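*Asks:* Attaching a single structure in structure tokens format; questions to follow.
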Amino acid sequence: VQLVESGGGLVQAGGSMRLSCAASGSIFSFNAMGWFRQAPGKQRESVATITSFGRTNYAAAVKGRFTISRDNAKNTVYLQMNSLKPEDTAVYYCAAFTSRDYWGQGTQVTVSP
């Protein structure tokens, strides 16, 4: 299984951005998928997850601003990010969880003040 993220880049504070994570196989086989991020000098942290049943969970720092969704027909998971803040700057990783974990290569998101 390969996960390929896209959609990162540079945006001003208050702006929006959508990340996509395309899986090489059916995402039905995953118990859950999620987005994680790692800022310079910090540990990787969970941003949002979505189960195969569609149940979502968000980090407190992004709740109300970010939305995770999935398109099973396209084998793709999205992260819609609104009201972005400079502290959202990080490398964002897509992950999929079954009997083992799969990770994408990451995409840089930079939010300027």
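The values are calculated or read from the model by the stated rules, or taken from the named source; none is laboratory data. What you see is a predicted model, and the numbers here were worked out from it, not measured in a lab. Note: ideal-geometry Cβ built from the backbone for every residue, glycine included; neighbour counts use all protein chains shown. These accessible areas exclude ligands, DNA and RNA; they are computed on the full protein's heavy atoms, side chains included. Shrake-Rupley method; radii C 1.70, N 1.55, O 1.52, S 1.80 Å.
*Asks:* Just wondering, is there one or more residues in region 24-37 that are of a type in the set (A, V, I, L, M, F, W, C) and either in a loop (DSSP other than H, G, I, E, B) or without any contact (Cβ under 8 Å) to a residue 12 or more places away in the chain (or both)?
*Replies:* Scanning region 24-37, I find at least one residue that is of a type in the set (A, V, I, L, M, F, W, C) and either in a loop (DSSP other than H, G, I, E, B) or without any contact (Cβ under 8 Å) to a residue 12 or more places away in the chain (or both), so the answer is yes.
*Asks:* Let me ask something additional. Since Arg18 meets every condition but one in (1) part of a strand (DSSP E or B); (2) open to solvent by less than 40 Å² (accessible area, probe 1.4 Å), which condition does it not meet?
*Replies:* With (1) part of a strand (DSSP E or B); (2) open to solvent by less than 40 Å² (accessible area, probe 1.4 Å) applied to Arg18, the lone miss is (2).
*Asks:* Name the residues in region 78-111 that are under 16 Å from Phe30 (Cα atoms), part of a strand (DSSP E or B) and open to solvent by 50 Å² or more (accessible area, probe 1.4 Å), would you?
*Replies:* Asp101, Trp103 - these are the residues of region 78-111 that are under 16 Å from Phe30 (Cα atoms), part of a strand (DSSP E or B) and open to solvent by 50 Å² or more (accessible area, probe 1.4 Å).
*Asks:* Take the residues in region 51-77 that are in a strand (DSSP E or B) and either touching a residue at least 40 places away in the same chain (Cβ under 8 Å) or under 10 Å from the mean Cα position of the chain (by Cα) (or both); name whichever of them is surrounded by the fewest Cβ atoms within 10 Å (Cβ to Cβ).
*Replies:* Out of the qualifying residues, it is Ser69.
*Asks:* Could you list, in sequence order, all residues of region 1-15 that are of a type in the set (Gly, Ala, Ser), open to solvent by less than 40 Å² (accessible area, probe 1.4 Å) and either under 16 Å from Asp101 (Cβ atoms) or not in a loop (DSSP other than H, G, I, E, B) (or both)?
*Replies:* Scanning region 1-15 gives a single hit, Gly9.
*Asks:* Here's a follow-up. Could you identify the single residue in Gln2, Gln12 that is within 20 Å of Ser112 (Cα to Cα) and touching a residue at least 12 places away in the same chain (Cβ under 8 Å)?
*Replies:* Gln12
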